[in-house]
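Q: Below: one structure in structure tokens.
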Amino acid sequence: MKISTHELFEGIRSGNKRLIAKAITLVESKKAEHRHQAEELLKLIMPFTGNSVRVGITGVPGAGKSTFIENFGLLTISQGKKVAVLAIDPSSSINKGSILGDKTRMEELSKEENAFIRPSPSSGFLGGVANATFETMLICEAAGYDYILIETVGVGQSEVLVADITDVFLFLKIIGGGDELQGIKRGIMEMTDLIFINKVNKDNFQKAKNTRLELKRALDFIPPKEKDWKVQILLGSALNNQGLNDVYEKINDFISLKKKSGRFELVRKQQSEKRFEYWVQSYILASLKKNNMFEEAYFKHKKNASEQVSNPSSEAKLFVDRFLNEKD
């Protein structure tokens with residue numbers, strides 16, 4: 001039975017996890033009728049959004065992201081807060097579903113009444129999921145979650161997209177992880193607000209300190225992302241709950257600084273504008289495909305691009321020029 005928009009809205013506001021999950025499934029859907037209902041729902045919840053701290057979390061495979069998120073989430077809940085975890089999972093190439101299944105990797109956190117965990121399949125297209133994740137985040141905010149933790153796949157492009165929808169970006173580092181060789185280190189460092197060197201123990205403590213020194217030197221060559229904020233580099237072990245309190249405090253220090261400077265609201269406005277631009281492009285293209293006048297031309301230029309008759313950008317420009325001329 002179809003659940004009404006009003007029922008979904010009431011469920012979100014009352015914190016009903018089943019209906020929150022149903023609402024998220026709705027906004028993730030690409031079907032036109034679902035999209036229409038999703039728009040109605042998002043309009044209703046908008047006055048109740050924007051009150052969370054949005055945290056993006058990235059790190060190379062093996063950096064301990066899931067362990068960090070679980071124990072950091074438990075710590076945050078112990079501070080009287082509600083936590084939602086949105087994990088952008090790699091997708092199965094067969095059914096487009098999530099492969100990793102973060103609820104199975106965060107068993108203790110998933111048992112908490114004040115926690116909500118939602119893996120979002122990337123479906124092979126991270127940009128689309130970034131939009132669904134943005135809307136999912138709004139649903140969680142309307143449900144009263146204070147901290148939204150967004151875990152990236154950790155493959156480069158997803159970091160950029162997640163950084164564009166969060167308030168603070170946390171980079172998990174491990175000693176000798178080899179991420180220096182991935183060609184994304186500088187890009188991540190430019191987006192990063194806080195670094196946590198994970199899996200530190202008494203045997204590798206000196207190496208961890210050396211790694212921190214190297215990172216500090218690297219950051220000296222990167223223009224500061226936020227005025228009056230130096231990227232903090234913390235040491236600890238998520239598995240042993242060491243250093244997580246420091247991370248929690250530094251995140252709140254950073255948010256307080258951004259709010260005091262006026263950057264917090266400014267950046268959020270810019271992020272919403274980016275989402276707006278994405279949807280404008282998406283809706284225009286979808287409308288053109290449905291218009292009989294332009295459908296044939298669209299597929300003709302698309303075929304020319306795919307068969308390398310001409311380069312894709314030229315074919316796109318020819319099609320858009322034709323559309324604008326026809327409109328005139």
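Q: Could you say which residue among 81, 43 is modelled with pLDDT of 95 or more and in a loop (DSSP other than H, G, I, E, B)? Even if it seems obvious, please write down each step before you answer.
A: Values: 43 fails: in a loop (DSSP other than H, G, I, E, B).
On inspection, the qualifying residue turns out to be 81.
Q: Taking residue 311 as the residue in question, decide whether it is in contact with a Ser or Thr (Cβ under 8 Å, 6 or more places away or on another chain), farther than 24 Å from residue 31 by Cβ and of a type outside the set (Asp, Glu).
A: Considered against the rule, which asks whether it is in contact with a Ser or Thr (Cβ under 8 Å, 6 or more places away or on another chain), farther than 24 Å from residue 31 by Cβ and of a type outside the set (Asp, Glu), residue 311 comes out as no.
Q: Right, here's the next one. In this structure, does residue 70 turn out to be surrounded by fewer than 23 Cβ atoms within 10 Å (Cβ to Cβ), of a type in the set (Asp, Glu) and in contact with a helix residue (DSSP H, G or I) (Cβ under 6 Å, 6 or more places away or on another chain)?
A: No: the conditions fail for residue 70.
Q: Still on this structure, I have one more. On the basis of being touching a Gly at 6+ places or on another chain (Cβ under 8 Å) and either open to solvent by less than 60 Å² (accessible area, probe 1.4 Å) or part of a helix (DSSP H, G or I) (or both), does residue 58 make the cut? Let's see the steps before the verdict.
A: On the way: touching a Gly at 6+ places or on another chain (Cβ under 8 Å): yes; either open to solvent by less than 60 Å² (accessible area, probe 1.4 Å) or part of a helix (DSSP H, G or I) (or both): yes.
Yes, satisfied.
Q: Quickly run through the stretch 215-241 and pick out the residues that are of a type in the set (D, E, K, R), open to solvent by 80 Å² or more (accessible area, probe 1.4 Å) and either touching a helix residue (DSSP H, G or I) at 6+ places or on another chain (Cβ under 9 Å) or over 22 Å from residue 168 (Cα atoms) (or both).
A: Step one: filter the stretch 215-241 for residues of a type in the set (D, E, K, R), giving 216-217, 220, 225-228, 230.
Of the ones still in play, those that are also open to solvent by 80 Å² or more (accessible area, probe 1.4 Å) are 216-217, 220, 225, 227-228, 230.
Of everything in the stretch 215-241, those that are of a type in the set (D, E, K, R), open to solvent by 80 Å² or more (accessible area, probe 1.4 Å) and either touching a helix residue (DSSP H, G or I) at 6+ places or on another chain (Cβ under 9 Å) or over 22 Å from residue 168 (Cα atoms) (or both) turn out to be 225, 227, 228, 230.
Q: Taking the stretch 18-33 as the search range and keeping residues that are part of a helix (DSSP H, G or I) and open to solvent by 60 Å² or more (accessible area, probe 1.4 Å), which one is nearest to residue 113 (Cα to Cα)?
A: Filtering first and then ranking leaves 18.
Q: Next question, about the same structure. Could you tell me whether residue 313 is without any contact (Cβ under 8 Å) to a residue 60 or more places away in the chain, closer than 28 Å to residue 69 by Cβ and open to solvent by 50 Å² or more (accessible area, probe 1.4 Å)?
A: No: the conditions fail for residue 313.
The values are calculated or read from the model by the stated rules, or taken from the named source; none is laboratory data. Computed from a predicted model, the values in this text were never measured in an experiment. Methodologically, a virtual Cβ is constructed for each residue, glycine included, from the backbone with ideal geometry; neighbour enumeration extends over all protein chains shown. In case anyone asks, the SASA skips ligands and DNA or RNA and just uses the protein heavy atoms, side chains included. Shrake-Rupley method; radii C 1.70, N 1.55, O 1.52, S 1.80 Å.
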